[in-house]
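Following: one structure in C-alpha cells, then a few remarks.
All of the numbers you see were taken from the coordinates with simple rules; none came from a lab. Model, not experiment: these values are computed from the prediction. Positions of Cβ are backbone-derived with ideal geometry, glycine not excepted, and every protein chain shown enters the neighbour counts.
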Amino acid sequence: EAKKQGGGSVHHYTPELGRRGIRRLELEQQLRIALEQNQLTLNYQPQVDLRTGAMIGVEALARWQHPETGAISPSEFIPVAEESGIIIPLGEWVLNRACEDAMRWRQHGVPLEVAVNVSAVEFEHVDIASRVSQALSRTHLPVEALVLELTESVLMDDTEEAIRRLQTLREMGVRIAVDDFGSGYSNLSYLKRLPLNKLKIDQSLIRGLGKHANDEALVRAVIQLAHSLKLDTLAEGVETETTRQFLHQHHCRHAQGYLFGRAQPAEHFLSIH
Ligand code: C2E
Ligand code: MG
Ligand code: MG
Ligand code: MG
C-alpha cells in the first residue's frame, strides 16, 4: 500500500495512511460478510422520456445498510469491491437481482427497462455475455429490457478482446450505455468503433446548466454528437425544472435525477401504471 502511494519505502508510512489502510481492510471484510448475509439491496432510480414525461426505465443502484454503522455509500464500497475482487460476486448478485425485479414488474404489467452498472474490473475479468445470458434465462426477462452501463475507462481500453465482448453482447440484443460521459478527458474515437446505444451525460456537465455558458455549449455539443452517431442521450443528475427545459429544448431524449425521483426499493414500482 505504501508503495502504491508512491512512497516506495516503509519510511513513508504515516499514521494517517495506516488509518486509511485499516479502514479499507475492515470495509473489505465487512463487505464480504454483507454479501453473504444479504445486507446489500438494490434500489432503482427512474429514467424518464423528456418528450412525454413517462418513466421508461430505471437504473439499479446498490445500497449497503451496515448493521452497526448504518448506510455506506456505493462511492465508498464499490471501489473497495473493485480493488479486492469482491466486485465479481457482487456484480453477479446485482445483475441477477435486477433481472428478477424487472421480471416481477413485468408480471405486474409494469414493463420498465433496467440499467445495470458493470465495473471495468468485472468487464475485464468476467465473461459478461455468458453471465447475462444465464441471468436472462434464469429469470425469463426479455433481453430488450436490459441495458448495461459501462464507463469510458472500459471503452477506451479497446483491445480486440474488449471489442469482441461488446459485439457478443450486441448480437445477443443487450444494449450498452456509456456512463458518466464527459466526466474525464477522453479520446472519442471509441465512439465510432464500438457497438454502443446510449450516452449518459455526466452530472458534472448537467449541474453547470443555467450557470456556465461553457457547460451549455458542451451539453449541446454532446447531444449533437450522440445523435449524429445514432446514439440515444440521457442526462444524469437533473435537479431543476430549468435544466429539464433546457435539455428538452435541445432534444436530449432521456433524463434521470432528483427532479424525477431518487432510487427506491423494487416494490415501489409494482404499483405504478
Ligand atoms: P452512477 O452509475 O453514475 O449512478 C448515478 C449516481 O448519481 C447515483 O449515486 C445516484 O443516486 C446519483 N444521482 C442520481 N440523480 C442525482 C441528482 O439529481 N443529483 C445528485 N447529486 N446525484 C444524483 P449512487 O447510488 O451513490 O452511486 C454512485 C456510483 O456507484 C454509481 O454512479 C456507480 O458508478 C456506482 N454503483 C452504484 N451501484 C453499483 C452497482 O450495482 N455496480 C457497480 N459496478 N457500480 C455501482
Ligand atoms: Mg450508472
Ligand atoms: Mg453515471
Ligand atoms: Mg458515476
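At what distance in nm do the modelled label points of residue 267 and residue 153 sit from each other, each positioned 7 Å from its Cα along Cα→Cβ?
3.6
Rounded to the nearest 500, what is the 222 nm mean residue ellipticity of the chain from helices alone, with -39500 (n - 2.57) per DSSP H run of 4+ residues and division by all residues?
-13500 deg cm²/dmol
All other residues with a Cβ under 14 Å from the Cβ of residue 106 taken together, and with Lys, Arg as +1 and Asp, Glu as -1, what is their net charge?
Value of the local net charge: -3.
Quick one: net charge of residue 260's neighbours, Cβ under 13 Å, K/R +1, D/E -1? Please list the in-between numbers first.
On the way: positive: 244, 262; negative: 49, 59, 236, 239, 241.
For residues surrounding residue 260, the net value is -3.
Using a/c under 1.5 as the rounded threshold, could you call segment 86-212 rounded, prolate or oblate? The axes a ≥ b ≥ c are square roots of the C-alpha gyration tensor eigenvalues, and prolate needs a/b larger than b/c, oblate otherwise. Let's see the in-between values first.
Numbers: a/c = 1.93, a/b = 1.31, b/c = 1.47.
Because a/c hits 1.5 or more and a/b fails to exceed b/c, segment 86-212 counts as oblate.
Could I get the Rg over Rh figure for segment 91-130? Both from C-alpha atoms, Rh via Kirkwood, rounded to two places.
Values: Rg = 12.0 Å, Rh = 11.2 Å.
Value, to two decimals: 1.07.
Let me know the volume per residue of the alpha-carbon convex hull for segment 140-251, in Å³.
So the per-residue hull volume is 108 Å³.
R0 = 25 Å: FRET efficiency of residue 127 with residue 37, Cβ-based, nearest 0.05?
Given R0 = 25 Å and the Cβ-Cβ separation, E is 0.35.
Along the charge dipole of the chain, which of 154, 191, 121 sits closest to the positive end, that is, farthest toward it, with unit charges on the beta carbon of Lys, Arg, Asp and Glu (+1, +1, -1, -1)?
191
Expressed as a whole percent, how much of the Cα-Cα distance distribution for the chain exceeds 29 Å?
37
At a threshold of 8 angstrom on Cα-Cα distance, excluding pairs fewer than six apart, so keeping six or more, what relative contact order does the chain reach in percent?
On the way: 423 pairs, mean separation 50.0, N = 273.
Relative contact order, the chain: 18 percent.
Distance from the Cα centre of segment 45-107 to that of segment 224-240, in angstrom?
22
How far is the Cα center of segment 251-273 from the Cα center of segment 114-176, in Å?
Between the Cα centres of segment 251-273 and segment 114-176 lies a distance of 23 Å.
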